[in-house]
Amino acid sequence: MSFIERTLPEHGQAAAAALLRISLGVMYLTHGVVLKLMTFGLAGTAGYFASIGLPAGLAYVVFAAEAAAGVLLLANVATGWVALALLPILGGAFWVHAGNGWVFSNAGGGWEYPLFLIVVSVVVALQAFATRSAAARRPALGSAVQTA
């Protein structure tokens, strides 16, 4: 059995979960900061929100939520809850792009990317809660009682 075959079952799932969590964190952080703040500006983003019938002030909330969620996911803090907390924002993005067709390169952006991010966020949350649950079932180091 090779080193990879011996090591992968033990460490592969944790590495895969970390890679997915970090990727999602980078996406949220850059989507909020680079797109909403640096590209369109918060006033421009608020104007867009108003143009599609959403309250303009919601743009500031979405920017803050995306930026904060990105940082928290990168720091691995409350990962499951953070990933779930962004689902309403992703649902809103899905709603905004739903009429534009499947492909995100369509005019106005399609709904494939928001749907993909919904799925990834749910997977990251499930992985985080499963890891936490498994850790809770393991006895703490040094807590085992030995009988002679």
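Here are the numbers for the structure shown:
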| read-out | value |
| --- | --- |
| Conditions (1) over 17 Å from residue 120 (Cβ atoms); (2) in contact (Cβ under 8 Å) with a residue 24 or more places away in the chain; (3) of a type in the set (Lys, Arg); number of the one not met by residue 21 | (1) |
| Odd one out for residue 101 among (1) modelled with pLDDT of 95 or more; (2) surrounded by 14 or more Cβ atoms within 10 Å (Cβ to Cβ) | (1) |
| Residues located in the range 82-98, provided they are in a helix (DSSP H, G or I) and under 10 Å from the mean Cα position of the chain (by Cα) | 82, 83, 84, 85, 87, 90 |
| Subset of the range 99-117 (residues that are part of a loop (DSSP other than H, G, I, E, B) and either under 19 Å from residue 35 (Cβ atoms) or in contact with a Cys (Cβ under 7 Å, 6 or more places away or on another chain) (or both)) | 103, 104, 105, 106, 107, 108, 109, 110, 111 |
| Total residues in the range 24-52, condition within 22 Å of residue 85 (Cα to Cα) and loosely packed, with under 13 Cβ neighbours inside 10 Å | 1 |
| Tabulated pairs, the range 101-113, first closer than 20 Å to residue 28 by Cα, second of a type in the set (A, V, I, L, M) and not in a loop (DSSP other than H, G, I, E, B), C-beta under 7 angstrom, 6+ apart or interchain | 111/98 |
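The values are calculated or read from the model by the stated rules, or taken from the named source; none is laboratory data. Being a predicted model, the structure only gives us computed values, none of them experimental. Don't worry about glycine lacking a Cβ; one is built from the backbone with ideal geometry, like all the others, and counts go over all protein chains shown.
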